[in-house]
Amino acid sequence: MSMLRSRIVGVGGYLPERILTNSELAQQVDTNDSWIIERTGIRERHIADPSERTSDLAIRAAERALANAGLSGQNIDLIVLATATPDNTFPATATRVQAAIGMTHGAAFDVQAVCSGFIYALTVADNFIKAGQVKTALVIGAETFSRILDWTDRATCVLFGDGAGAVVLRAEEGQGGNADNGILSTHLHSDGRHYKLLHVDGGPSSTQTVGHLRMEGREVFRHAVVNLAAVVQEALAANDLTATDLDWVVPHQANKRIIEGTARKLGLSLDRVVMSVDRHANTSAASVPLALAEAVGDGRIKAGQLVLLEAMGGGFTWGAALVRF
Ligand code: ACO
C-alpha cells in the first residue's frame, strides 16, 4: 500500500572553531586526560565563542544541510529545532533560523527533550510529512551546553561540548514496507520519575536564573544502556528487521562506554557504529545529526543503506528512528 515517507535529502553540521582539550580542562579542575579518555572516550570538545548563540550554530548547520539538498529557505515548509539551550526563554530559536534562511511562509518551533531532542524533532517533522501537512522540513539539533555547565564540577564539565546538526526532509511516495527509502519508523519514550537524575537547577519559572546541569552519572549510565537497547529492539521488530540488517547505527554521542555497552547488548559490531564523541564530546540534541552529517559527508553512509538513530537524555527521554537512505 503506498504511503508518504520522509526522505533525508540533505545533511549538515557546524562546530564552533574553539577546541578545548582535556589537558586544558585539567588546568581548571582536578582531572586529567587519561581519566576522561578511559571513562568517556572524549579527547576534546568545541566551545562556542561568547558572541555565538545557539541560533548562530543552528543557522550554519541549516545552511549546510540546505546546500547539500540543493534547496533554499523558501523551499522549506517547516522547521523543528531541538534545543535545551535556547537563545532566549522565548521566542523559539527556530524562528531566528527561519528569518536567517529567508523562509517567510510555513511554521517554525522548538522542541525540548534534551539529548533525545533530535529524535523527538525528527519524529514531529516526520509525522507532519506523513499526514500530508508539509512537503519539506528542516530538522535541527543545536546546543550551547557550555553556557549551562558548572565549570567547577569535574564530574560534569568534562563531558559536554557545543555544536549543531541539521537534516532536510522531503515527502516521497513509498510502498509502505521496509524496503522504502526514508524514515521507516520512529519510537519515543519518556519516564518523568527520573527527572532528578539529570536536570538543570534553574529556569524562568523556578529560580529566574539559567541554572547549571546536575547529574547522577552512574545512574544515568545504567538506565541509558538498558533503555537504548530496548528502543533499538523495538524499532527493528516494528519493521520485521534484526540487528544484522543494519548497515549503520548513529547513536547519541554521550560516552564511548554507553555506546559500546549498548552495541554489545544488541550483538552489533562496533565497525558499524558511527563514533564522534572523541572529538565532539556530548553535544546533546546536536550529537546525532552532527555524527550523521560526518558519516554521510565522508561517504560511509550510502544511498539505500539502513541506518538506525538512537538517543537518551534528561527527563528521562529516549527514542530511535530507523531510516533507509
Ligand atoms: N576526573 C577525575 N576524576 C573524576 C572526574 C574527572 N573528571 N569526575 C569524577 N571523578 C572521580 C569521582 O569523584 C570519583 O572519585 P571517588 O571514587 O574518590 O569518589 C571517581 O572519579 C569515580 O566516579 P564515578 O562517578 O563513579 O565514575 P564513573 O565510572 O561512573 O564515570 C561518568 C563517571 C563518566 C560521568 C559516567 O558515570 C557516565 O558516563 N555516566 C553517563 C553520564 C552521561 O553520559 N550523561 C550525559 C547525558 S545523558 C546521556 O546523554 C545518555
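The values are calculated or read from the model by the stated rules, or taken from the named source; none is laboratory data. The structure presented is a predicted model; accordingly, all values stated were derived computationally and were not measured. Backbone-built Cβ (ideal geometry, glycine too); neighbour counts: all protein chains shown. These accessible areas exclude ligands, DNA and RNA; they are computed on the full protein's heavy atoms, side chains included. Shrake-Rupley method; radii C 1.70, N 1.55, O 1.52, S 1.80 Å.
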- Task: Could you please give the count of residues in the stretch 84-101 that are farther than 21 Å from Leu149 by Cβ and in a loop (DSSP other than H, G, I, E, B)?
- Result: 4
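Does the stretch 2-22 include one or more residues that are aromatic (Phe, Trp, Tyr) and within 15 Å of Val139 (Cβ to Cβ)?
Yes; the residues of the stretch 2-22 include at least one that is aromatic (Phe, Trp, Tyr) and within 15 Å of Val139 (Cβ to Cβ).
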- Does the stretch 312-320 contain at least one residue that is more than 13 Å from the ligand (Cβ to nearest atom) and either open to solvent by less than 20 Å² (accessible area, probe 1.4 Å) or under 20 Å from Glu143 (Cβ atoms) (or both)? yes
- Message: Cβ-Cβ under 6 Å, sequence separation 6+ or interchain: first residue in the stretch 254-269 and more than 21 Å from Phe145 (Cα to Cα), partner more than 10 Å from the ligand (Cβ to nearest atom) and assigned to a helix (DSSP H, G or I). Which pairs?
- Response: Thr262/Ala229; Ala263/Leu270; Lys265/Ala229; Leu266/Ala229; Leu266/Val232; Leu266/Ala243; Gly267/Ala243; Leu268/Ala243
- In the stretch 202-236, residues that are more than 22 Å from the chain's Cα centre (by Cα) and either open to solvent by 30 Å² or more (accessible area, probe 1.4 Å) or of a type in the set (Lys, Arg) (or both) total 6
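From the residues in the stretch 178-190 that are assigned to a loop (DSSP other than H, G, I, E, B) and either touching a helix residue (DSSP H, G or I) at 6+ places or on another chain (Cβ under 8 Å) or open to solvent by 30 Å² or more (accessible area, probe 1.4 Å) (or both), which one is nearest to Arg222 (Cα to Cα)?
It comes out as Asn178.
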- Item | Residue list for the stretch 273-302, filter: in contact (Cβ under 8 Å) with a residue 24 or more places away in the chain and of a type in the set (Gly, Ala, Ser) | Ala281, Ser284, Ala285, Ala286, Ser287, Ala291, Ala293, Ala295, Gly297
- Message: For the stretch 8-22, check the following and say yes or no: at least one residue is in contact with a Phe, Trp or Tyr (Cβ under 9 Å, 6 or more places away or on another chain) and farther than 21 Å from Leu159 by Cβ.
- Response: yes
